[in-house]
Amino acid sequence: MCWGWGWRLLVPMYPPGVGIGVDDGFGKLFPFRCFETDERRIGMLALGICFSFTSSHDALQCPDMIRTRFIGVLILLLLLGAGGFWFWHRNPSTVVAEQTDVIPPPPPGPVIDVQERTVVEGDVFTKVMEDLGVSYGDALTIVTNAADVFDLTNIKVGRTFKLISEDGVRARVEYEPGTEYAIKIDLENGLAVTKELIKYDVTVETTEVTIDASLFEDGLAAGMSEQLIIAFANIFAWEIDFATVVQKGDHMNVLYEKRMRDGKEAPIGNILAGEFTNSGTTVSAFRFVGADGKEGYFNEEGDSLVRPFLKSPLAFGRVTSGYNYARMDPVIGVVQPHRAIDYAAPLGTPIMAVGDGNIIRASWNGPYGNEVMIRHNSQFQTNYAHLWKFAKGIKPGVHVSQGQTIGFVGSTGRSTGPHVHYEVVVNGTKVNPQDVKFPKGESIGAEEQEAFEAERDRLKGMME
C-alpha cells in the first residue's frame with residue numbers, strides 16, 4: 001500500500017467496519033476500523049492531517065516521525081475541543097437566546113360596562129344625564145362646553161345616550177345624533193366635549209333597476225334600501241318628477257357606498273354617481289368635491305343638478321289630476337279649469353317647499369282647505385292646498401328653505417281623498433308646473449373643470 005496518498009486513498013479503499021493497519025510497526029501500534037465510531041473518526045481525521053503533511057517517502061522511512069506528528073495533531077484537536085467547551089460554558093446565552101427570549105402576554109384590558117338611555121318624548125338633556133348618574137350641575141357644564149361642538153339642548157327622540165364605564169369608573173358618555181358622527185363627553189377630563197366621525201367598513205356597490213311598476217317598488221324588489229331609493233330620487237329631484245314622467249321600461253343605475261359597522265349593515269354612505277333613463281333620454285349625476293370642500297352633483301358637462309326649484313313637492317306620489325283648462329270637478333259636477341297638478345299620497349305624507357322663499361299664507365282657504373302659499377321672488381310663487389295640517393312653525397312671514405317640510409298631505413276643503421293640490425304662479429298667472437323652465441344651477445368653475453372631468457370619467461368607469 002502507498003502511504004503517500006494519505007487520507008484521500010484511505011477513505012474510498014476501505015468501507016466502514018473494515019479493519020486496516022500499516023506495516024513498519026505503525027499499524028500494530030494504531031490499529032483502527034474505518035468510521036466505526038465518532039472517536040475513531042477523530043483519530044482518522046488526525047491521521048489524515050498527519051499524512052497530508054508527510055511525504056510518501058517519509059511515511060515509509062520514518063514511522064517515528066509520523067507517530068510524533070500524529071500525537072501532536074491529536075493534542076491540538078483536544079485543545080481546540082476543550083477551548084470550545086469552555087467558551088460555550090462561559091457564554092451560554094449566545095446559544096440559547098432564541099429559546100429564552102419569550103415575549104410576555106399583554107396585560108388584560110379594562111372591564112367595560114355600557115349603560116344606555118334612549119330619548120323619549122318630553123326629555124331634556126339634563127334629565128337624561130341625571131338618569132345616567134351625572135349631576136344636574138355637571139350636565140349644565142357639559143351643555144356649555146359643547147356650545148361650539150353640538151347643541152345638546154336639541155336632542156332627538158329615539159336616539160340613545162351611552163354611559164361607558166371602565167373597571168367600575170365612569171369614563172365617558174357617547175351620543176350619535178345621526179349616522180355620520182358621534183358626540184363624546186369625557187367624564188374624567190374636565191367634562192370636555194368632542195365630535196368624532198363614526199368609523200365604518202366601506203365598499204362601493206352598483207345597483208341597476210328596470211322600471212316595471214314604480215321606482216320605489218322596483219327598487220325595493222331589486223334589493224335597494226328605502227334610504228338609497230329616496231336619496232337617489234332627491235339627487236334628481238330638480239330634473240325628474242318621479243310622480244309624473246316615469247314609465248315602464250325606464251332604467252336606473254346607482255353607484256354608492258355600502259357601509260358596515262361591527263359586522264352589521266349600516267345606513268348607506270354617499271351616492272357617488274347615478275343615471276336615470278326616461279323614454280330614451282338619460283340624465284346623469286356625478287358627485288364632486290371642490291377645492292373649497294363643498295360637494296355637489298353635476299351632469300356630464302359640469303352643470304349643477306341643484307336648481308332654485310324642485311320638480312315636485314312630494315318625494316313620491318302619483319298624479320291623479322293634471323293641469324287642465326276644462327276638467328269636470330268630481331265634487332260639484334261642474335266643468336271648470338284645473339290650473340294645478342294633484343298628487344295623491346297617503347295621509348300625513350310630508351310636503352316640501354320646492355324652493356327658498358317666504359310664507360305669505362298658512363291658513364284655511366275655503367274649497368282649498370288648509371293652504372300654504374310661498375313667494376320665492378318677484379317672479380315665482382307656489383301654492384299647496386288640502387293639507388291635513390301645517391308643519392311646526394309654518395306661518396306668514398317665516399322664511400323656508402328648499403326641501404323643508406311645510407305641511408302634510410290631507411283631504412281638507414273640497415276634496416275626494418288625500419292629495420296635495422300644487423300650483424305654480426309666474427308673474428301673477430297660474431301655469432303648468434311641468435312646463436315651467438326654472439333657472440339652472442351653478443356650473444363647475446373653469447379652474448376645476450379638468451379635475452371634475454377626471455372624477456366623472458373615473459366614476460363612469462366604475463359604473464360600467
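Values computed for the structure shown
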{"read-out": "Computed lengthening from Asp435 to Tyr136, 0.36 nm per intervening residue step minus Cα-Cα distance", "value": "101.8 nm"}
{"read-out": "Interchain or long-range residues, amide H under 5 Å from Asn270's placed H", "value": "Glu257"}
{"read-out": "Under the Karplus curve 6.51 cos²θ - 1.76 cosθ + 1.60, θ = phi - 60°, whole-Hz ³J(HN,Hα) for the range 130-136, x wherever Gly or Pro sits", "value": "4, 5, 8, x, 9, 5, 4"}
{"read-out": "Partners for Lys437 among lysines (Cα-Cα distance below 28 Å; same-chain residues under 8 apart left out)", "value": "Lys248, Lys294, Lys311"}
{"read-out": "Alpha-carbon centroids, the range 166-186 and the range 226-262: separation in whole Å", "value": "34"}
{"read-out": "Cβ-Cβ FRET estimate between Val111 and Lys460, R0 fixed at 30 Å, reported to 0.05", "value": "0.05"}
{"read-out": "Label point distance in nm, Val157-Val120, each placed 7 Å from Cα along Cα→Cβ", "value": "1.2"}
{"read-out": "Peptide ranges 432-441, 352-361 listed from the most packed, as the mean C-beta count within 10 angstrom indicates", "value": "352-361, 432-441"}
{"read-out": "Peptide ranges 112-118, 377-383, 260-266 listed from the most packed, as the mean C-beta count within 10 angstrom indicates", "value": "377-383, 112-118, 260-266"}
{"read-out": "Net length gained if the chain between Arg375 and Ala446 were fully extended (0.36 nm per residue, minus Cα distance)", "value": "22.2 nm"}
{"read-out": "Mean Cβ neighbour count within 10 Å, used as a protection proxy, ranking 362-375, 154-167 highest first", "value": "362-375, 154-167"}
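A short reminder: the numbers here are calculations on the coordinates, not readings from a lab. Computed from a predicted structure; not experimentally measured. No Cβ is skipped: glycine too gets one built from the backbone with ideal geometry, and neighbour counts run over all protein chains shown.
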